[in-house]
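To start, the structure itself, in structure tokens.
Nothing in this text is a laboratory measurement; each read-out follows from the coordinates by a stated rule. Given the structure is predicted, the values throughout are model-derived calculations rather than measurements. Ideal geometry is used to build each Cβ from the backbone, glycine not excepted, and the neighbour counts take in all protein chains shown.
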Amino acid sequence: MNQRPHAISEGSASVMNPEPMKNPPVKAKKSRAGRNLPASIGVGVGLGALVLALLLAPTVLFLVFVMVVAIMAEVEMARALARIRIKLCLPPLWVGTIGMMLCAYLLGPEGLWAALLATLITCAIWRLSVGPSKFATRDLLATCFVAIYLPFLASFVVIMLHNPHHPAPIILWIVITICNDIGGYAAGVLKGKHPMAPAVSPAKSWEGFAGSLVMCTVAAAIAVWVTGTPLWAIAVLGLFTPVIATCGDLGESLIKRDLQLKDMGHLLPGHGGVMDRLDSLLITVPLFFVVSLFIF
């Protein structure tokens with residue numbers, strides 16, 4: 001791999017350069033899946049309680065929460081990508097994150113698309129203002145990828161804040177997506193024998209995927225019974241959620257393997273980093289946004 005200067009100082013602007021993410025010291029596994037299960041459950045319950053409290057509060061508080069989480073995840077991604085000498089254009093990305101979510105909140109999908117375009121253009125101008133570099137294209141493409149992967153997808157949650165049945169669609173999205181993780185984890189630990197993609201994620205098994213399908217279908221059926229929504233939602237949410245969530249999980253695993261990281265961060269005990277918790281949620285939110293337009 002070509003070596004690259006540690007920092008770029010050309011021009012009046014500079015691309016922020018966080019310290020590369022490091023893998024933690026190797027410790028004995030806490031479970032067959034390699035996680036500290038009590039810590040994972042405790043953090044998960046705590047996060048769930050926080051999100052529920054914010055969903056029941058004025059919507060602007062949840063909007064701010066989503067902004068903060070997205071920016072934290074962007075910093076995490078920047079540290080991870082710094083391992084291979086990629087530098088994200090963080091300042092315009094942060095401004096674009098706030099802009100996308102404000103436009104989504106105030107103007108809906110049309111405003112979100114316009115804000116995304118403005119963010120990508122601004123990031124390009126920012127990177128060009130730094131000065132010529134043979135790594136400029138790689139930096140810019142990575143920044144554009146993160147802009148779409150994080151704030152753009154997360155903004156669909158912001159749009160759902162205006163659903164007449166709020167907070168039901170968002171709770172449905174969180175619960176069914178988490179059931180995908182729980183079902184996959186339980187079935188994978190107990191019965192997992194046939195890896196789905198051993199080169200990407202050796203712990204991900206077909207048995208775990210079957211557990212995700214069952215758990216998501218049960219959760220979708222309960223949700224339909226509780227909310228009185230159409231029966232077809234069981235098939236759509238029960239079948240498509242595990243497929244899309246698994247693709248999101250494998251996609252993040254592919255990025256981590258390329259970066260030679262076990263976790264994207266260490267902020268959440270038992271989970272890893274913010275991105276390790278968001279991988280499935282981010283990729284499934286457009287599905288729930290579209291479905292919510294028809295069932296609520």
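In order along segment 113-129, the Karplus-derived 3J(HN,Hα) couplings, from 6.51 cos²θ - 1.76 cosθ + 1.60 at θ = phi - 60°, round to 4, 5, 5, 4, 4, 4, 5, 5, 5, 5, 5, 5, 5, 4, 5, 5, 5 Hz, and Gly and Pro are given as x.
Cβ crowding within 10 Å ranks Lys204, Lys256, Lys87, Lys134 as Lys134, Lys204, Lys256, Lys87, fewest other Cβ atoms first. Neighbours of Thr241 by Cβ distance under 15 Å: Lys/Arg scored +1, Asp/Glu scored -1, total -3. The string of couplings for segment 219-234 from the Karplus curve (6.51, -1.76, 1.60, θ = phi - 60°) is 5, 5, 5, 5, 4, 5, 5, 6, 8, x, 7, x, 5, 5, 5, 4 Hz, one whole number per residue in order, with x for Gly and Pro.
Of Ser133, Ser280, Ser253, the residue with the greatest mean-square motion in the GNM of the chain, using alpha carbon springs below 10 Å, is Ser133.
Annotation: amide H-H contacts under 5 Å for Ser205 (H modelled 1.01 Å from N, sequence separation of 5 or more, or interchain): Met196.
For segment 58-162, the convex hull drawn through the C-alpha positions has a volume of 75 cubic angstrom per residue. Each residue of the chain gets 128 Å³ once the volume of the Cα convex hull is shared out per residue. In this entry, segment 160-236 is assigned a mean projected area of 5.8 nm², taken as a quarter of its C-alpha convex hull surface. Considering only C-alpha atoms, what is the centroid distance from segment 109-157 to segment 164-195, in Å? The distance from the Cα centre of segment 109-157 to that of segment 164-195 comes to 30 Å.
When the Kirkwood radius is taken over all Cα pairs of segment 241-296, what Stokes-Einstein diffusion coefficient follows at 25 °C and 0.890 mPa s, in µm²/s? Rounded, D is 202 µm²/s.
Each helix, a run of at least 4 DSSP H residues, gives -39500 (n - 2.57); summed and divided by the residues of the chain, these come to -23000 deg cm²/dmol at 222 nm.
Sorting Thr119, Thr59, Thr229 from the fewest to the most surrounding beta carbons within 10 angstrom yields Thr59, Thr229, Thr119. With the simple model of a label 7 Å out from the Cα in the direction of the Cβ, Val64 to Val95 spans 2.3 nm. Once the mean of 1/r is taken over each pair of separate Cα atoms and inverted, segment 165-296 shows a Kirkwood hydrodynamic radius of 15.1 Å.
Quick check for segment 165-296: number of Lys pairs with alpha-carbon distance under 18 Å, counting only pairs 8 or more apart or on different chains? Don't skip to the end; give the middle numbers.
Details: Lys191/Lys204; Lys193/Lys204; Lys204/Lys256; Lys204/Lys262.
Qualifying lysine pairs in segment 165-296: 4.
What is the extension gain from Lys193 to Leu107, computed as 0.36 nm multiplied by their sequence separation minus the C-alpha to C-alpha distance, in nm to one decimal? Kindly include the intermediate steps, with their values, before the conclusion.
Details: separation 86, 0.36 × 86 = 30.96 nm, distance 4.81 nm.
Gain on stretching Lys193 to Leu107: 26.1 nm.
Rounded to the nearest whole Hz, the Karplus-based 3J(HN,Hα) values (6.51 cos²θ - 1.76 cosθ + 1.60, θ = phi - 60°) of segment 243-260 follow the sequence 5, 5, 4, 5, 4, x, 5, 5, x, 5, 4, 5, 4, 5, 5, 5, 8, 6, with x at glycine and proline.
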